[in-house]
Each structure stands twice: as structure tokens, then as C-alpha cells.
Amino acid sequence: MPIPVAHRNVHHYVPEAKLDAMQDFEHSPLFSERERAALAYAEVMTRASGKADETLMAKLKRHFDEDAIIELTALIAFQNLSSKFNATLGVPPQGFCRRETRV
């Protein structure tokens, strides 16, 4: 099955090795401190409590100004909303999260 066009394009911007390392972004040398802070924030927001502690907010503020944090929060919230909306209504995945296994 071919990868959808939008998903193929992510490979032009994100190296394959980095996509493979997403599960361990906190320890992978492939991610910058800025990326780690944003990904940790996304993880916290995605959990049921969704409350970022002072340590995480301090990390975010080292890399993002207030407007950028608000924009990042909105984007993460939208992705969470979209995921729950689609799952609840049984909207099938579009293939953006699935990648072909390369041999």
C-alpha cells in the first residue's frame, strides 16, 4: 500500500532516523532540547490530567515565547480533539501515522 502524499512529504523535512526515535525522544541525541520540551509538553497535554508542572513550563519558556507557547498549546489541543473526534465517530485513519516497513 503506498504512503499517502501528505505522509510521504514528512520525510522531506524529518529524517527517517528521527521518526524512528520518536518513542525515545527524551533520550535520543537526534532531538534538540527545544524539540524535547515541545514533545514532552504534547505528551502531558495528551494525558487525562493535561497539567504541565513548573519544571516543564520553565523548559518551554527557555525555548518559546508566550505567543509560541499559546500556538503550540492550540495545535496540540486540536490534534487531540481531532483524534478523539475521529475515533468516536469511527473515521478511518488516513495513514499519516503508519509508515511502510523498509527492508
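For beta carbons closer than 6 Å, sequence separation of 6+ or different chains, a first residue in the range 67-96 that is at positive phi and a second that is in a helix (DSSP H, G or I) and surrounded by 11 or more Cβ atoms within 10 Å (Cβ to Cβ), the qualifying pairs are G95/H7. Restricting attention to the range 63-83, the residues that are within 13 Å of the chain's Cα centre (by Cα) and of a type outside the set (A, V, I, L, M, F, W, C) total 4.
The criterion of at least 3 residues that are modelled with pLDDT of 90 or more is met, among helices (runs of 4 or more DSSP H) falling completely within the range 9-92, by 33-46, 54-63, 66-89.
Restricting attention to the range 58-86, the residues that are under 17 Å from R36 (Cα atoms) and in contact with a helix residue (DSSP H, G or I) (Cβ under 8 Å, 6 or more places away or on another chain) add up to 10.
The values are calculated or read from the model by the stated rules, or taken from the named source; none is laboratory data. Worth saying up front: this structure is predicted, and the values here are computed from it rather than measured. Cβ sites come from the backbone with ideal geometry, for glycine too, and all protein chains shown count toward neighbours.
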